[in-house]
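K.L.:
Could you have a look at this structure, given as structure tokens, before my questions?
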Amino acid sequence: MKLTREQFIDWPNKSITLLGMSGVGKTTLSSLLPTDQWFHYSGDYRIGTRYLNEAILNQVKKMAMEHPFLRDQLRKDAIYIRSNVTIENLGPISDYLGKIGNPDLGGLELEEFNFRQALFREAEVQAMNDVSAFIDKARNIYGYPHFLNDAGGSICGLGHEECWDQLSQNSLVLYLEANEEMEEVLIERAQKYPKPLNYEVSFLNQHVEEYLHAKKLESDVDIVPDEFVQWIFPKLLKWRKPQYQRIAERYGHTADASKIFELRDEDDFIEFVCDAIEHG
């Protein structure tokens, strides 16, 4: 959705989709908005509670069944297992995605890793297709006048034009672009705390081969999981940037993410969006 400044300000029921790498300030932006006025929709939360919930639980149960006592308790229905995904705690999703590499070091073999990546991508499409229904639900059932969609960092890899058409028809798409200084911070964070990531298929396959060749490794099971994430993250950051830019140019607007941490309240947020509309 492309709007002018005046159209956005006069829009009585604002709906915004935030795009950008994890860590650029999407959560910070959402925290500025009154919780009784803005419905916060998290794509990752929807994925974890609706579309990957069963897969996550099955994996945990499979691990529990390896322990004799827990296996006996589960078979007798003496205990049950559930995930505790919240908007603030998306750990179960990350843990399920996992990292490629040596299973003895907590990694996943390439076939299993790719299987989980595919499930996540399908879930991401479904979660974004649900946005229009949640906009209606937030407004007409729960009474929220405004809606904020916090899309996951990997959404730029979605090639589903229908999904993007629907998102842009129902919300203002705002790309939070990190400058070079912020990118360095994101890279440093990934080096210190390497976490599971979702990758576009061709990007992953190309870089797994490149990594094996560079490190003189024979197969994916020889990869040290954390070291691979540390190595690939700067390349992922570089790959995603033009994808975000392409989406913003076609469907929405671009904002300078470095300004987010100067904002204080909802009024500042509205002005931040207006500035992006006029200049981004």
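K.L.:
Just give me the residues in segment 222-236 being outside any loop (DSSP other than H, G, I, E, B) and buried (at least 17 other Cβ atoms within 10 Å of the Cβ), in sequence order. Full working, then the answer.
P.N.:
Taking segment 222-236 and keeping what is outside any loop (DSSP other than H, G, I, E, B), we get 222, 225-236.
Scanning segment 222-236 gives 225, 226, 228, 229, 231, 232, 233, 236.
K.L.:
Restrict the check to segment 99-115 and report whether at least one residue is of a type in the set (Gly, Ala, Ser) and under 24 Å from residue 29 (Cα atoms).
P.N.:
Checking segment 99-115: not a single residue is of a type in the set (Gly, Ala, Ser) and under 24 Å from residue 29 (Cα atoms).
K.L.:
Something else about it: Looking at 93, 187, which one is in a helix (DSSP H, G or I), surrounded by 13 or more Cβ atoms within 10 Å (Cβ to Cβ) and touching a Pro at 6+ places or on another chain (Cβ under 7 Å)?
P.N.:
Details: 93 fails: touching a Pro at 6+ places or on another chain (Cβ under 7 Å).
It is 187.
K.L.:
Now for a different question. Would you be able to tell me the number of residues in segment 22-41 that are touching a strand residue (DSSP E or B) at 6+ places or on another chain (Cβ under 8 Å), modelled with pLDDT under 95 and farther than 19 Å from residue 271 by Cβ? So that I can check it myself, show each step before the final result.
P.N.:
Quick first cut of segment 22-41, residues touching a strand residue (DSSP E or B) at 6+ places or on another chain (Cβ under 8 Å) only: 24-27, 29-30, 33, 37-41.
Of the ones still in play, those that are also modelled with pLDDT under 95 are 24-27, 29-30.
Keeping just the survivors that are farther than 19 Å from residue 271 by Cβ gives 27.
Total meeting the criteria: 1.
K.L.:
Another question, if that's okay. Restricting to segment 192-221, name every residue that is polar (S, T, N, Q) and surrounded by fewer than 13 Cβ atoms within 10 Å (Cβ to Cβ). Walk me through it before giving the result.
P.N.:
Of segment 192-221, the ones polar (S, T, N, Q) are 198, 202, 205-206, 219.
202, 219 - these are the residues of segment 192-221 that are polar (S, T, N, Q) and surrounded by fewer than 13 Cβ atoms within 10 Å (Cβ to Cβ).
K.L.:
Evaluate the following for residue 255: is it hydrophobic (A, V, I, L, M, F, W, C), part of a helix (DSSP H, G or I), within 29 Å of residue 130 (Cα to Cα) and touching a strand residue (DSSP E or B) at 6+ places or on another chain (Cβ under 7 Å)? Even if it seems obvious, please write down each step before you answer.
P.N.:
On the way: hydrophobic (A, V, I, L, M, F, W, C): yes; part of a helix (DSSP H, G or I): no; within 29 Å of residue 130 (Cα to Cα): yes; touching a strand residue (DSSP E or B) at 6+ places or on another chain (Cβ under 7 Å): yes.
Against the criterion (hydrophobic (A, V, I, L, M, F, W, C), part of a helix (DSSP H, G or I), within 29 Å of residue 130 (Cα to Cα) and touching a strand residue (DSSP E or B) at 6+ places or on another chain (Cβ under 7 Å)), residue 255 does not qualify.
K.L.:
Can residue 212 be described as in contact with a helix residue (DSSP H, G or I) (Cβ under 9 Å, 6 or more places away or on another chain) and assigned to a strand (DSSP E or B)?
P.N.:
Values: in contact with a helix residue (DSSP H, G or I) (Cβ under 9 Å, 6 or more places away or on another chain): yes; assigned to a strand (DSSP E or B): no.
Taking the combined requirement at face value, the residue does not satisfy it.
K.L.:
Oh, and also: Restricting to segment 139-169, what's the tally of residues that are part of a helix (DSSP H, G or I), at pLDDT below 95 and surrounded by 14 or more Cβ atoms within 10 Å (Cβ to Cβ)?
P.N.:
So the answer is 10.
K.L.:
When you check residue 20 against the structure, is it in contact (Cβ under 8 Å) with a residue 40 or more places away in the chain and on the phi > 0 side of the Ramachandran plot, yes or no? Spell out how you get there, then give the answer.
P.N.:
Working: in contact (Cβ under 8 Å) with a residue 40 or more places away in the chain: yes; on the phi > 0 side of the Ramachandran plot: yes.
Yes: the conditions hold for residue 20.
K.L.:
Between a residue in segment 34-62 that is more than 20 Å from residue 152 (Cα to Cα) and any residue that is of a type in the set (A, V, I, L, M), which pairs come within a Cβ distance under 8 Å, given they are 6 or more apart or on different chains?
P.N.:
Pairs found: 57/81; 60/81; 61/74; 61/81.
K.L.:
Does residue 97 qualify as being closer than 22 Å to residue 152 by Cβ, of a type in the set (A, V, I, L, M, F, W, C), at pLDDT 95 or above and under 14 Å from the mean Cα position of the chain (by Cα)? Please lay out each step first, then the result.
P.N.:
Values: closer than 22 Å to residue 152 by Cβ: yes; of a type in the set (A, V, I, L, M, F, W, C): yes; at pLDDT 95 or above: yes; under 14 Å from the mean Cα position of the chain (by Cα): yes.
When the stated conditions are applied, residue 97 passes them.
K.L.:
When only residues in segment 127-138 that are assigned to a helix (DSSP H, G or I) and not small (Gly, Ala, Ser) count, which is surrounded by the most Cβ atoms within 10 Å (Cβ to Cβ)? Before you say what the answer is, go through the steps one by one.
P.N.:
Applying the first criterion (assigned to a helix (DSSP H, G or I)) to segment 127-138 yields 127-129, 131-138.
Adding the requirement that they be not small (Gly, Ala, Ser) leaves 128-129, 131, 134-137.
Details: 128: 24, 129: 14, 131: 22, 134: 19, 135: 20, 136: 12, 137: 15.
Here the answer is 128.
K.L.:
Sort out which residues of segment 9-56 are more than 24 Å from residue 140 (Cα to Cα), in contact with a Gly (Cβ under 9 Å, 6 or more places away or on another chain) and not aliphatic (A, V, I, L, M), and write them in order of number.
P.N.:
Residues satisfying the conditions are 20, 22, 23, 26.
K.L.:
Of the residues that sit in segment 240-263 and are aliphatic (A, V, I, L, M) and either at pLDDT below 95 or within 19 Å of the chain's Cα centre (by Cα) (or both), which one is surrounded by the most Cβ atoms within 10 Å (Cβ to Cβ)? It would help to see each step written out before you state the result.
P.N.:
Applying the first criterion (aliphatic (A, V, I, L, M)) to segment 240-263 yields 247-248, 255, 257, 260, 263.
Checking which are either at pLDDT below 95 or within 19 Å of the chain's Cα centre (by Cα) (or both) leaves us with 247-248, 255, 257, 260.
Details: 247: 21, 248: 22, 255: 26, 257: 22, 260: 21.
Residue satisfying both the conditions and the ranking: 255.
K.L.:
Here is a follow-up. Could you list, in sequence order, the residues of segment 1-18 that are modelled with pLDDT of 95 or more, part of a loop (DSSP other than H, G, I, E, B) and surrounded by 17 or more Cβ atoms within 10 Å (Cβ to Cβ)?
P.N.:
Across segment 1-18, the qualifying residue is only 14.
The values are calculated or read from the model by the stated rules, or taken from the named source; none is laboratory data. These figures come from a predicted structure and were not determined experimentally. We place every Cβ from the backbone using ideal geometry, glycine too, and count neighbours over all the protein chains shown.
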